[in-house]
Amino acid sequence: MRIGPHVAVSGTAPRGGGDAYAQTREAIGRALSAAEELGAAKQDVLRTRLLLAPGCDWQGAVRAHAEAFAGVDPANTTYFVSGFIPEGALVEFELDAIVPGPPR
């Protein structure tokens, strides 16, 4: 969703299986693609949230996040939650961005 310069992408889960690292990379990629469709670049991301299923390898998820946002370094909060839809998802990802200038 975009309102003025504000872009929010929520509830982005991976479509495939894999470990926490792979699922986080996929979810971040999907969220960034959605943000780009709304005019936001990776450099515009100011806040992210990683939601992790019980037993999820948080270190793998955090590593994927650090790699994806190296040099951008948005504020991040990582949570453990009770589970996700779809079944088998270990990670869900959300981001907020501020787009400079008029809507593109």
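The values are calculated or read from the model by the stated rules, or taken from the named source; none is laboratory data. Quick caveat, the model's predicted, so the values are computed rather than measured. Here Cβ is always computed from backbone atoms with ideal geometry, including for glycine, and neighbour counts include all displayed protein chains. The area values use the complete protein model at the heavy-atom level, side chains included, leaving out ligands, DNA and RNA. Shrake-Rupley method; radii C 1.70, N 1.55, O 1.52, S 1.80 Å.
Tell me, which residue of region 53-104 that is closer than 14 Å to Gly18 by Cβ and among the aliphatic types (A, V, I, L, M) is most open to solvent (accessible area, probe 1.4 Å)?
Leu90
May I ask you to list the residues in region 20-38 that are crowded, with 20+ Cβ neighbours inside 10 Å and under 19 Å from Val99 (Cβ atoms)?
Ile28, Ala31, Leu32, Ala35
Looking at Ala41 and the list (1) crowded, with 18+ Cβ neighbours inside 10 Å; (2) modelled with pLDDT of 95 or more; (3) over 10 Å from the mean Cα position of the chain (by Cα), which single condition is not satisfied?
Among (1) crowded, with 18+ Cβ neighbours inside 10 Å; (2) modelled with pLDDT of 95 or more; (3) over 10 Å from the mean Cα position of the chain (by Cα), the lone unmet condition for Ala41 is (1).
When you look at Ala8, is it in a loop (DSSP other than H, G, I, E, B), in contact with a strand residue (DSSP E or B) (Cβ under 6 Å, 6 or more places away or on another chain) and either at pLDDT 95 or above or among the hydrophobic types (A, V, I, L, M, F, W, C) (or both), yes or no?
Against the criterion (in a loop (DSSP other than H, G, I, E, B), in contact with a strand residue (DSSP E or B) (Cβ under 6 Å, 6 or more places away or on another chain) and either at pLDDT 95 or above or among the hydrophobic types (A, V, I, L, M, F, W, C) (or both)), Ala8 does not qualify.
Residues of region 24-37 being hydrophobic (A, V, I, L, M, F, W, C) and without any contact (Cβ under 8 Å) to a residue 40 or more places away in the chain, which ones?
Passing the criteria: only Ala34.
Go through (1) open to solvent by 10 Å² or more (accessible area, probe 1.4 Å); (2) within 13 Å of the chain's Cα centre (by Cα) for Leu50 and report which single condition fails.
Failed condition: (1).
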